[in-house]
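Encoded as structure tokens, the structure appears first; notes follow it.
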Amino acid sequence: MNLFAVLFDFDGTLFFGTTDINYYVINKALTEMGLPSITREIANSTVGDKLIDVSKKLLHTENEAAARDFMRRLICYTPEAIETIAVIEPDCIHMLETLNRHAPLAICSNAEKEYLDLLLKKFNLEQYFQFIWHRKNGFDKKMAVLELKSILKAEKTIMVGDRAEDISAGKANQCITVAIQNDFGARDALGADFNVRNHLEMESIIMQILHEKR
């Protein structure tokens, strides 16, 4: 059994470009439909939501067919957006390379599988993770953390995220929690055991936890 495992949320935690991608694909789809563009602030408010809910919100409709047509357009433009504008922070890669030598790592994300797979492949991130959890029907973040703890067979678990949901899911499963507080995330992850502002601080704090708790 591993002593420690580290679980990471993805958007806003490891990857800071989600708002850029949402802004790109949403406005592409809206322009295609002859509708006005949205602001980055509105794009940021869609991070972490289900695509069908985003579609209904932006179109101001409960019409399922219209929302699904818009969702199809968003999905269609996503590979183009990822290829064109997505970048990963070098400090994130350094952190994952370092931590991977000390504990098993996993992604615990609500993102759609296709979206997550495209980003992981582009940045060659799969190599750092023993398990990648994406959105699954019937599972919330608390249930996902519980499943990952069982899969990774660790005595202790660190949950790292940028949203209140990440921290509450970690605490509900007796995890040590680390919240990243910066301009890319939601900044509502209050009450974590540790707070960091960037990947350098994240790496330092997690390494400190790994060494102090042994």
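Of the residues contained in the range 117-128, one or more are found to be modelled with pLDDT of 95 or more and within 22 Å of Q208 (Cα to Cα).
Table: residues versus (1) assigned by TED's automatic domain parsing to the domain that holds L118; (2) modelled with pLDDT of 95 or more; (3) closer than 21 Å to Y128 by Cβ; (4) out of contact with any Asp or Glu (no Cβ under 6 Å at 6 or more places or on another chain).
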position	(1), (2), (3), (4)
F8	yes, yes, yes, yes
E32	no, yes, no, yes
I42	no, no, no, yes
I52	no, no, no, yes
A65	no, yes, no, yes
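Can you tell me which residue is surrounded by the fewest Cβ atoms within 10 Å (Cβ to Cβ) among those in the range 104-148 that are polar (S, T, N, Q) and under 15 Å from the mean Cα position of the chain (by Cα)?
Checked the range 104-148; the qualifying residue surrounded by the fewest Cβ atoms within 10 Å (Cβ to Cβ) is N110.
Would you confirm whether or not the range 45-61 contains a residue that is over 30 Å from N124 (Cβ atoms), out of contact with any Gly (no Cβ under 9 Å at 6 or more places or on another chain) and not in a helix (DSSP H, G or I)? Yes - at least one qualifying residue is present in the range 45-61.
Yes or no: A111 closer than 14 Å to F15 by Cα, assigned to a loop (DSSP other than H, G, I, E, B) and touching a Phe, Trp or Tyr at 6+ places or on another chain (Cβ under 8 Å)? So A111 fits the description; yes.
Look at the range 180-206: where a residue is surrounded by fewer than 17 Cβ atoms within 10 Å (Cβ to Cβ) and a partner is of a type in the set (K, R) and modelled with pLDDT of 95 or more, sitting 6+ places away or on another chain with Cβ atoms under 8 Å, you get G191/K171.
Within the range 45-67, the set of residues being in contact with a helix residue (DSSP H, G or I) (Cβ under 7 Å, 6 or more places away or on another chain), over 26 Å from A164 (Cα atoms) and of a type in the set (D, E, K, R) comprises just one member, E62. Only residues that are closer than 30 Å to T177 by Cα, in a loop (DSSP other than H, G, I, E, B) and either among the aromatic types (F, W, Y) or out of contact with any strand residue (DSSP E or B) (no Cβ under 9 Å at 6 or more places or on another chain) (or both) were counted in the range 1-39, giving 2.
So which of I42, I75, I85 is touching a helix residue (DSSP H, G or I) at 6+ places or on another chain (Cβ under 6 Å) and either touching a residue at least 60 places away in the same chain (Cβ under 8 Å) or surrounded by 14 or more Cβ atoms within 10 Å (Cβ to Cβ) (or both)? Spell out the reasoning first.
Working: I42 fails: touching a helix residue (DSSP H, G or I) at 6+ places or on another chain (Cβ under 6 Å); I75 fails: touching a helix residue (DSSP H, G or I) at 6+ places or on another chain (Cβ under 6 Å).
Of I42, I75, I85, the one residue that is touching a helix residue (DSSP H, G or I) at 6+ places or on another chain (Cβ under 6 Å) and either touching a residue at least 60 places away in the same chain (Cβ under 8 Å) or surrounded by 14 or more Cβ atoms within 10 Å (Cβ to Cβ) (or both) is I85.
From the list I151, I158, exactly one residue is exposed (fewer than 15 other Cβ atoms within 10 Å of the Cβ), in contact with a strand residue (DSSP E or B) (Cβ under 9 Å, 6 or more places away or on another chain) and either in contact (Cβ under 8 Å) with a residue 24 or more places away in the chain or assigned to a strand (DSSP E or B) (or both). Which is it?
Values: I158 fails: exposed (fewer than 15 other Cβ atoms within 10 Å of the Cβ).
Exactly one of I151, I158 is exposed (fewer than 15 other Cβ atoms within 10 Å of the Cβ), in contact with a strand residue (DSSP E or B) (Cβ under 9 Å, 6 or more places away or on another chain) and either in contact (Cβ under 8 Å) with a residue 24 or more places away in the chain or assigned to a strand (DSSP E or B) (or both), namely I151.
Yes or no: Y115 assigned by TED's automatic domain parsing to the domain that holds G138, in contact with a helix residue (DSSP H, G or I) (Cβ under 8 Å, 6 or more places away or on another chain) and over 26 Å from A192 (Cα atoms)? Against the criterion (assigned by TED's automatic domain parsing to the domain that holds G138, in contact with a helix residue (DSSP H, G or I) (Cβ under 8 Å, 6 or more places away or on another chain) and over 26 Å from A192 (Cα atoms)), Y115 qualifies. Taking the range 89-103 as the range and being buried (at least 18 other Cβ atoms within 10 Å of the Cβ) and aliphatic (A, V, I, L, M) as the test, the residues that pass are M95, L96, L99, A103.
The values are calculated or read from the model by the stated rules, or taken from the named source; none is laboratory data. All figures in this text were calculated on a predicted structure; none of them were measured in a lab. Here Cβ is always computed from backbone atoms with ideal geometry, including for glycine, and neighbour counts include all displayed protein chains.
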